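> Below are the structure tokens for one structure; questions will follow.
No value in this document is a laboratory result; all are computed from the given coordinates. Model, not experiment: these values are computed from the prediction. Backbone-built Cβ (ideal geometry, glycine too); neighbour counts: all protein chains shown.
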Amino acid sequence: MAFLSEAEIESAMLDQLRALGYSIEREEDIGPDGHRPERESLDEVVLRRRVEDAVARLNPGLPPETQQDSIRRVVQAVRASRLDAHDPHGLISGTLRISDAQAFLKERDL
């Protein structure tokens, strides 16, 4: 059985994304300490400006407040899914509930 390293898998996925027309950015450029930072920390997985631009471009008829509400919901969903990933026992045992994630986010005003 052939073994693929994480680097080989990442390279193959990036090649596929390039083939679909996506541009690939490097952490050294857009990371918190990069030349053109697009997030404040590595914990910030949603590149908010890019999402805002895409929502506005794809939904020009939506009022700005509706666009922002949609973006907020996406960011919260991503944060909740990351919370799940940080609780392997909850994932394995199936005990982590959405209400737990929502309470976690609410406590932290996220």
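> Taking the Cβ of Ile71 as the center, what net charge do the other residues with Cβ under 14 Å away carry, scoring Lys and Arg +1 and Asp and Glu -1?
+2
> Can you give the charge dipole size of region 1-40 about its Cα centre, rounded to the nearest 20 debye, using +1 on the beta carbon of Lys and Arg and -1 on the beta carbon of Asp and Glu?
For region 1-40, the charge dipole is close to 200 debye.
> Moving on to the next point. Hey, fewest Cβ within 10 Å first, where do Glu6, Glu44 land in order?
Final ranking by Cβ density, sparse to dense: Glu6, Glu44.
> Sort Arg57, Arg72 by Cβ crowding within 10 Å, fewest neighbours at the top.
Arranged by neighbour count, lowest to highest, Arg57, Arg72 become Arg57, Arg72.
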